[in-house]
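K.L.:
This is the structure I have questions about; it appears just below.
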Amino acid sequence: MEEIFSTKNIVLYFIIINIIGFLIMYIDKRRAKKGKWRIQERTLFIVTALGGGIGTIAGMYTFRHKTQKVAFVIGFPLITILEIITVIYLKFF
């Protein structure tokens, strides 16, 4: 039986969560333009904190969404950097 936390599964998880992060930024931007119900900002941060930082940051700048909000411009990269540092620390120390 394959181990749940194998390198393959971890990489697959990060690919999927970053695609989700990119897509929710697209969906929220589209809804904002149409004046429809929006995705909660908390949800955007949760997806980022779950490892989707690269996707949410890419979506933020691709769709020019939330780029005027300091909490997002600083928060998304900060969360992503802290996660990368944590992973490096756990892997090598």
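K.L.:
Output the number of the condition that Lys29 fails; it satisfies all remaining conditions of (1) on the phi > 0 side of the Ramachandran plot; (2) in a helix (DSSP H, G or I).
P.N.:
(1)
K.L.:
So Ile20 ticks every box in (1) touching a residue at least 24 places away in the same chain (Cβ under 8 Å); (2) not in a helix (DSSP H, G or I) but one. Which box is left unticked?
P.N.:
(2)
K.L.:
Another question, if that's okay. If a residue must be open to solvent by 40 Å² or more (accessible area, probe 1.4 Å) and either within 16 Å of Ile17 (Cβ to Cβ) or at pLDDT below 95 (or both), how many such residues does the range 39-56 contain?
P.N.:
Filtering the range 39-56 for residues open to solvent by 40 Å² or more (accessible area, probe 1.4 Å) gives 40-43, 45-46, 49-50, 54.
Now drop any that are not either within 16 Å of Ile17 (Cβ to Cβ) or at pLDDT below 95 (or both), which leaves 43, 45-46, 49-50, 54.
Count: 6.
K.L.:
Continuing with the same structure: Hey, Phe5 hits all of (1) crowded, with 16+ Cβ neighbours inside 10 Å; (2) without any contact (Cβ under 8 Å) to a residue 40 or more places away in the chain but one; which does it fall short on?
P.N.:
All conditions pass for Phe5, except number (1).
K.L.:
I'm trying to understand the selection: among the residues of the range 59-77, which are within 25 Å of Ile88 (Cβ to Cβ), buried (at least 16 other Cβ atoms within 10 Å of the Cβ) and among the hydrophobic types (A, V, I, L, M, F, W, C)?
P.N.:
Within the range 59-77, Met60, Phe72, Phe76 meet the criteria.
The values are calculated or read from the model by the stated rules, or taken from the named source; none is laboratory data. Because the structure is a prediction, the values reported are computed rather than measured. Note that we place each Cβ from the backbone using ideal geometry, even for glycine, and neighbour counts take in every protein chain shown. For accessibility, only protein heavy atoms count, side chains too; no ligands or nucleic acids. Shrake-Rupley method; radii C 1.70, N 1.55, O 1.52, S 1.80 Å.
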